[in-house]
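Structure first, then comments.
The values are calculated or read from the model by the stated rules, or taken from the named source; none is laboratory data. Here the structure is a predicted model, which is why all the values come from computation and not from measurement. Quick reminder, even Gly has a Cβ in these numbers, built from the backbone with ideal geometry, and neighbours come from all protein chains shown.
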Amino acid sequence: MLHVHHADGADRLVAALAEVLTVRLADPFAAEVVAVPTRGVERWLAQRLSGRLGTSPGAGDGICANVAFPTPRRVVEEAIAAASGLDAATDPWRPERALWPLLELVDAASDEAWLGRLTAHLDRAAGDRSRRLSAVRHVATLFARYALHRPAMLRAWAAGSDEDGAGGALDAEHRWQAELWRRLRERVGVPGPAELLDLGRARLVEDPGLSDLPERISLFGLTSLPARDLQLLRALAERRDVHLFLLMPSPAAWRGIADAAGRGPILTRGQALSAALPAHPLLASWGRDGRELQLLLEPLPTEAVHADAIGAGDEPDTLLARVQADIRADRTPREDEPVQLGDGDASVQVHVCHGRARQVEVLRDAILHALADDPSLEPRDVIVMCPDIETFAPLVEATFGAGEADVGEALADDAVDLSGAHPAELRVRLADRSLRQTNPVLGVVTKLLELATARVTASELLDLVDREPVRRRFRLEEDELARVEDWVAASGIRWGLDAAHRAPFRLQHVPQGTWAAGLDRLLTGVAMAERPGHTLAGVLPLDDVDSSAIDLAGRFAELLDRLAAALDELAAPKPISAWATAIAEAADTMTATTPRDAWQRAELQQLLADVVEEATNDGVASAVSLDVADVAALLGGRLAGRPTRTNFRTGHLTVCTLQPMRSVPHRVICLLGLDDDVFPRRSPRDGDDVLLDEPWIGDRDGRSEDRQILLDALMAAGDRLIVTYSGRSERTNAERAPAVPIGELLDVIDRTACAADGGRARDAVLVRHPLQPFDAANFAPSTLVPQRAWSFDGVTLEGARALGGERGSRPPFLPRPLQPQDADVIELDQLLAFVGHPVRAFLRQRLGVGVDVGAGERSDSLPIELDPLARWGLGARLLAARRAGVDVGVAVADERARGSVPPGALGDQVLRGVVAEVEAILGAAAETVGAGGPLRTLDVRIALEDGRTLAGTIGGVGQYVLPVVTYSRVDPRRRMESWVRLLALTAAFPERSLVATTVGRARRDVDRATTIARIAQPGGEPDVRRTRAHAELARIVDLYDRGMREPLPLFRQTSAAYAAGGATAVARAHTAWETDFQPLREDLDPEHQLVFGGTLPFERLLAEAPRDDEQGEDWDMSEPSRFGRYARRLWSGLLAHEELIDR
């Protein structure tokens, strides 16, 4: 007999189930069968039954043993298989098995007209096979869906009639499915699912012993029941007791639906909407699945249905309880007599946040509030359900893993307590994660399948190398990974294994930037150093491989070799058995695990074995050839989340998807991430699904399921229902509408109750959170929630205090100058660094602070043009090669081998421009510094007047000239460095006559090719030269000493422009300092930003008056500003001895 138990709460259903199970089965060794929809329900149900079964009188010391918890699908399919003589595990009509003969049929009939609709979608003429397996698998899934919901339609198709299951003709656009079904039925050679259902029903009624099921079967927590399952359960109920435990939130609605069903048969969803719509708006909108299940059960013989009304509940005293009571009674909320919300009623909370990360932060605080308000509440009493667990999982781990929160702190001394004691941390268990996230080896395999059809860019491959199983296989440490990344960048690798790998993109003639080209450079660099004009078979050595890195280079070369072999094998079409072998070999080639993690590799092997077994018929695996896209699609669904019971009800706070714990009672139920774009789930209408033409009651619908889940969660919440969604954009602050079901809930709340001041209840329920967690509103009492501050985060509390504190003027970078350095020797290199960038020299030399501007994001694309820095590097290398005597053609070939220029004609254009600039510089250098003669390196030690020594080494010194030939522009830094070196040489060797000559690209704003800066020595006899050079050096050293005590208003470009500007000094310095658009000027220099606390206007530079110690004959007293005096003092000597020639 079929028994139907229904209740408005799962707890009461458990009581009814326990009462049924207390009556023992005739066979004491037979296991009770209680079918449950999810593993989470299984865990909860087993725990609850253990407190009722086998207990001592008045105690809860029982045990739940010898109870099997299969899924309803498994119960039905195994019963059909047992009655029909098939093995349920090898049922050829399961979608994953029917896929293979369907593939063969589609391939064989691809040219036949009746299959034109499908073949047009596959687009074989364009050679696109990427949708082949996915499309055919979708057809197999449709056939399985028809078997569940329209077995009568499949019976008609098998009999040769193209019907829709209700006696009507099938639409012409769907008739290809009927023909394909018939051919599949013939190809498989066993009765179809509908035929097996009829056969199984008849045999189970005739001989119930065909099934191993006991004489009593229970199905718990169902909200839907497909037509196939219902028919089979009715057959089982003929000779067994079948108990259905249904969660029906409203006994009153149950009675109304029963009355509607008694007025006539209801078949379609449209009929159900007009005939059985409840009074409560949430029941009407969210409860369709439950209503349709009841409508399916009502036509059963009355003696076969026992509706046991269980419990009603207490008088509601909170908003949540009131809404639940109205739903149970199926009464429309009375807008004319709303109930006033009680003080501190937090039973329903809807939190409006800026984005996902903020939702998780807000949810953590909401849970902490609940724990703080009720000492009896424990983390296991709280469940967090989320529609997109993969997106939120890392955010949950990061936020809840932070742990400590100082709830006793407040924003001000008179602030209220932030809620009292609470757990130091919330330990979270994440359930329903995908296998590719929980099994690193499967993650690597997924990545390999992606790479088999990808460009294999530098970032993609480095991401693969950084995965733990790959690192373990090739013994790669963190510092070695960083070294490999440097090699990849230096060798110019962009994408493509080799030139042939680029053939699909029609770039097979461009080897530049491939992994093969980069590896050649790396391995050649192991054997020889890079020198201009020296290549090996056209390969330029990578000049970054020292002897200690040879082993790493070998391991990296082995990795690339193995990867190339694996991807070549994975790219070739092959049957599924060969695919399993190839994937397993690729995993073994590229990954390794510890003995403790060996399960990861075993799980992959089991997955592959399952796929091959499903494709095997009569001991022979399918011979259908599959592309890598087919295999990726085939494995994609298997790598998705598969819930187990292990992460549910463990004592910790559980975070899971919506389905597993939807109806399980918890004192606090949190719904995280119910954003309008993900809930209810969105899916485009499937034009091939016959069922959508005229949906029947009981047909599955994703959006309807999500709404039913929301209703179940609402009714399962004991003390609080907490909902979060993104109500504002985290980027623009634009308002976002809530998901439609959330809007419906807020409407019902407004109709159910009113705020204490008579306003809308939703205004008390909605909490609109600020964008930032350190916003003062989070910590100010009664700002977000009544009588308390919101956030428990002590770290962001300090941020809020700092943000809300009094704001005075920004303190100076240093309150006062530092003490002078105590050093007997000044290094010449340090002095050169100072004159090149005074503020940077202070930060690095005196404070040991370097400002890291960060490396720009590396591009995976082949260059089609060069940015300014890359163009400078190209020019500098070409100039160095040409000065070393390398022929221009050889030097250009070296750069092409380096991969630093765009390929083909694009590179030709770039090279022509750079080579022209290089040759112009060489021509100017030949005329001004000549061949140069032998250049020497001289050591200098200069005794300064204060007893210190200036010491250093100066290279590139000619007999009469101190030449600098550079591809850089002849800018103030290079000119000043040449001046200091010339002064040092003159002071150390006054008898030598020298001219410092700098040749480079033309200065900015000069319409010439090159600029030559000629700097003469201080004039006079050697003794006079020495004296004058010492005087100039003393002035510069004094500036250096001052610059090592504090940041000076002395700047490379701006000070030089001011000193040389004459009547236009201020205008020229202003242009050099302040950024208009491009290029960036010195006001945005990172070091200047640091010491000045941001962008300093030029007027501020001119406004600072000189100090008392910046007076005297060594200072230009006509300058009214400190900036001007330092500029004149540094640059006056150079400008008096320099000649600039633009050519």
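Brief remarks on what is shown
- ASP414 passes every criterion in (1) more than 17 Å from the chain's Cα centre (by Cα); (2) within 21 Å of PHE774 (Cα to Cα); (3) modelled with pLDDT of 90 or more; (4) not hydroxyl-bearing (Ser, Thr, Tyr) apart from (3).
- Top-ranked residue of segment 73-115 - restricted to ones that are assigned to a helix (DSSP H, G or I) and among the hydroxyl-bearing types (Ser, Thr, Tyr), ranked as farthest from GLY619 (Cα to Cα): SER84
- Residue in segment 245-266 that is farther than 17 Å from ARG331 by Cα, assigned to a helix (DSSP H, G or I), of a type in the set (Lys, Arg) and in the same structural domain as ALA321 (by TED's automatic domain parsing) present: no
- Which listed residue, of LEU213, LEU180, is in a helix (DSSP H, G or I) and within 48 Å of the chain's Cα centre (by Cα): LEU180
- Some residue of segment 305-322 being over 23 Å from PRO387 (Cβ atoms), outside any loop (DSSP other than H, G, I, E, B), at pLDDT below 85 and of a type outside the set (Val, Ile, Thr): yes
Condition check ((1) within 19 Å of VAL980 (Cβ to Cβ); (2) aliphatic (A, V, I, L, M)) across all residues:
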| position | (1), (2) |
| --- | --- |
| TRP790 | no, no |
| GLY794 | no, no |
| LEU803 | no, yes |
| GLN819 | no, no |
| ASP824 | no, no |
| PHE842 | yes, no |
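- Residues in segment 204-237 that are more than 30 Å from VAL14 (Cβ to Cβ) and either small (Gly, Ala, Ser) or buried (at least 19 other Cβ atoms within 10 Å of the Cβ) (or both): GLY209 only.
- Condition check for GLY1094: under 49 Å from the mean Cα position of the chain (by Cα), of a type outside the set (A, V, I, L, M) and at pLDDT 95 or above: no
- Looking only at segment 28-73, residues that are under 39 Å from the mean Cα position of the chain (by Cα) and surrounded by 14 or more Cβ atoms within 10 Å (Cβ to Cβ) come to 18 in all.
- The one condition in (1) in a helix (DSSP H, G or I); (2) touching a Lys or Arg at 6+ places or on another chain (Cβ under 7 Å); (3) closer than 19 Å to PRO226 by Cβ that ALA152 fails to fulfil: (2)
- Any hit, segment 723-740, residues being under 22 Å from CYS670 (Cβ atoms), acidic (Asp, Glu) and in contact with a Ser or Thr (Cβ under 9 Å, 6 or more places away or on another chain): no
- Test: GLY651 is at pLDDT below 90, small (Gly, Ala, Ser) and not in a helix (DSSP H, G or I): yes
To keep it simple, each residue is scored yes or no on (1) assigned to a strand (DSSP E or B); (2) at pLDDT below 85; (3) touching a Leu at 6+ places or on another chain (Cβ under 7 Å); (4) not acidic (Asp, Glu).
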residue	(1), (2), (3), (4)
ALA15	no, no, no, yes
ALA18	no, no, yes, yes
ARG24	no, no, no, yes
PHE29	no, no, no, yes
VAL33	yes, no, yes, yes
ARG43	no, no, no, yes
LEU53	no, no, yes, yes
PRO57	no, yes, no, yes
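- From the list LEU103, LEU115, LEU99, LEU170, the lone residue that is crowded, with 19+ Cβ neighbours inside 10 Å and either more than 44 Å from the chain's Cα centre (by Cα) or without any contact (Cβ under 8 Å) to a residue 40 or more places away in the chain (or both) is LEU170.
- Some residue of segment 1014-1023 being in a helix (DSSP H, G or I) and farther than 30 Å from VAL914 by Cα: yes
- Residue match in segment 28-46 (condition: over 14 Å from PHE220 (Cβ atoms) and out of contact with any Pro (no Cβ under 8 Å at 6 or more places or on another chain)): yes
- Taking segment 346-360 as the range and being crowded, with 20+ Cβ neighbours inside 10 Å and either among the aromatic types (Phe, Trp, Tyr) or out of contact with any Gly (no Cβ under 7 Å at 6 or more places or on another chain) (or both) as the test, the residues that pass are ALA346, SER347, VAL348, GLN349, VAL350, HIS351, HIS354, ARG358, VAL360.
- Residue count for segment 983-1010, restricted to those that are aliphatic (A, V, I, L, M) and without any contact (Cβ under 8 Å) to a residue 40 or more places away in the chain: 3
- Residue count for segment 1044-1060 under the criterion of being buried (at least 22 other Cβ atoms within 10 Å of the Cβ) and in a helix (DSSP H, G or I): the result is 6.
- Some residue of segment 134-142 being polar (S, T, N, Q), modelled with pLDDT under 90 and closer than 30 Å to PRO573 by Cβ: yes
- Condition check for HIS501: over 30 Å from ALA881 (Cβ atoms) and modelled with pLDDT under 95: yes
- Criterion violated by LEU142 - all others in (1) within 24 Å of ILE576 (Cα to Cα); (2) in a loop (DSSP other than H, G, I, E, B) satisfied: (2)
- Any hit, segment 973-985, residues being in a helix (DSSP H, G or I) and either small (Gly, Ala, Ser) or surrounded by fewer than 17 Cβ atoms within 10 Å (Cβ to Cβ) (or both): yes
- Residue within segment 801-809 that is at pLDDT 90 or above and more than 30 Å from ARG896 (Cβ to Cβ) present: no
- Test set (1) modelled with pLDDT of 85 or more; (2) more than 44 Å from the chain's Cα centre (by Cα); (3) not in a helix (DSSP H, G or I) - TRP157 fails condition number: (3)
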